[in-house]
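Written below as structure tokens is the structure these notes are about.
Nothing in this text is a laboratory measurement; each read-out follows from the coordinates by a stated rule. Everything numeric in this text was worked out from a predicted model, so none of it was measured. Reconstructed Cβ throughout: ideal geometry from the backbone, glycine too, with neighbour counts over all protein chains shown.
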Amino acid sequence: MRIAHALLTVVAVLTAGSPTSPDPGMASDIEVVAEGLGLPGVAFRVVSEHEVLENVEYGLDGGGAPIDEGTPFVWGSVSKSVTAAAVYSLVEHRALALNQTVNSILPESDSIVPDDVTIENLIHHTSGLPHDVTELDVWGRTAPALDVVPTLDVAVTDRGTFRYSSLNYLLLQAIVEKVTAEPFADVVARETGVHTAGNVAPGHVPFFTFPRSIDTGIDSAGMGYGYLSGSVEELSRYASRQLTAPASNSPDTVPTGSAAAYGYGWYVETLPDGTEMRWHSGAVPGYFTHVALVPERHLAVVFATNKYGELEADKLASAARSLVLARLGIDEPRTTGLGMYEIALIASSALVVLLAICAARTLRGFGTAPGRWASARALAALGAGGLLYFSLPALAGAPISTLARWAPDIALLFWILLAELALIAVALGARALRQWTTTHV
């Protein structure tokens, strides 16, 4: 969400089939969400420990094929619970201990985490590591996490307080690779039963409110925090197993500072009726997933779609949560109306139009006298462009190239704004220079 807030700061479903026929009304609410949010494809399942209770598949994948039970999705941060489950299993097998320090197992990390940081700190996001997106989501990176850890350049804060950071799970992946001497995906398959998919069709990002295809890349060093992938069949099987798995039912949690706690890759929340729900959303550019576990109801709910942009995160998360709670008999309307994405799009588009008008007026008057404050206005335009260029990456903590993956339309408008400011600055500067030359030569 840091990217979304930074952008705002700077710019000022349906074929259904299942072993047990789903309620048509339930299927229709998936379709309403998909059509309302412009989701090209959606897969949705409700499962118990033993069977599929509801199954809805809607729309098309990025290659134009109908979504079905075998269509792979990138799981995003839902991958974290899989990683935590794999680590928990290794602890049960005595290959690891939760109170072991990270540096004692992974000396490659001794330059970025203090000596007292433990494996448990990584699992619960209490290591002090920041959520530094410049070190994450490196598409095309094929090196294992174990090779990436020595290259990390981050500053940690004091451990003990919850601070969500995917870097914790990158280090966990590296630890798994180190102690097993095996590829991370192989360990995950053996310890959790999750087999990550090899090929995933392009996802979609919003582009001026329409879905635009994006060839979502894979980061091999990021499988532990976001780049596991698989079909709704694979994800729902995993969710079904987690209803009774020790890691996903562990009382070992930490407060997050909000209504939910956090433990082993899950947010832990007590619903208004007293029911405990464990859940996590996951996203990479082009894909979004949400998994909720309700063990005392013997239900797990899985939602996956092949569209995601950072500025519409709140709406997607709200829609997924509303669908989950509806299955529990709890009415929580999803967020509707203008959201962060629409506000950012409207604001940045308005700025583009306003500056286009200013640029046109400046160019029309190119042959006339520049006016008294032409030089000052040229410097102001140049300064505004410089401020925009440097402040957006600084506030977002990521380069423009990374931001363009999450919000390509806003990034395009950003470049247009820079071009307009540069054009205005050059035109005003040229007029002022011509006037000065005429006066002094």
Check: Each residue of the stretch 86-92 in order: what ³J(HN,Hα) in whole Hz does its phi give by Karplus 6.51 cos²θ - 1.76 cosθ + 1.60, θ = phi - 60°, with x for Gly and Pro?
Finding: 5, 5, 4, 5, 5, 5, 4
Next item on the list: Please work out how much length the chain gains when fully extended from Ala155 to Ile343, using 0.36 nm per residue of separation minus the C-alpha to C-alpha distance, in nm with one decimal.
Entry: 64.4 nm
Margin query: Need the list of lysines near Lys80 for cross-linking: C-alpha distance under 21 angstrom, and skip anything on the same chain fewer than eight residues off.
Written below: Lys178, Lys307
Next item on the list: Just name one of Trp279, Thr402, Leu90: the one whose Cα is farthest towards the positive end of the charge dipole of the chain (beta-carbon charges, Lys/Arg +1, Asp/Glu -1).
Entry: Thr402
Notebook entry, point to check: With a ≥ b ≥ c the root eigenvalues of the C-alpha gyration tensor of the stretch 126-234, is it rounded (a/c under 1.5), prolate (a/b larger than b/c) or oblate?
Noted result: oblate
Margin query: Students often get this wrong, so try it: which of [x] 51, 25, 17; [y] 37, 24, 21; [z] 45, 28, 18 is semi-axes √(5λ) of the Cα gyration tensor in Å as calculated from the structure shown?
Written below: [z]
Notebook entry, point to check: Once Lys and Arg get +1 and Asp and Glu get -1 on their Cβ, which of Ala185, Thr270, Leu60 lies farthest toward the positive end of the dipole of the chain?
Noted result: Leu60
Notebook entry, point to check: What is the extension gain from Leu363 to Asp116, computed as 0.36 nm multiplied by their sequence separation minus the C-alpha to C-alpha distance, in nm to one decimal?
Noted result: 82.7 nm
Checklist line | In sequence order, calculated HN-Hα J values of the stretch 260-267 (Karplus, 6.51, -1.76, 1.60; Hz; x Gly/Pro) | finding: 9, 9, 9, x, 6, x, 10, 7
Check: What distance in nm separates the simple spin-label points at Ile416 and Leu379, each placed 7 Å from Cα in the Cβ direction?
Finding: 3.1
Check: If you put +1 on each Lys and Arg Cβ and -1 on each Asp and Glu Cβ, how big is the dipole of the chain around its Cα centre, in Debye rounded to 20?
Finding: 2180
Check: When Lys and Arg each count +1 and Asp and Glu each count -1, what net charge do the other residues less than 11 Å away from Ala34, Cβ to Cβ, add up to?
Finding: -3
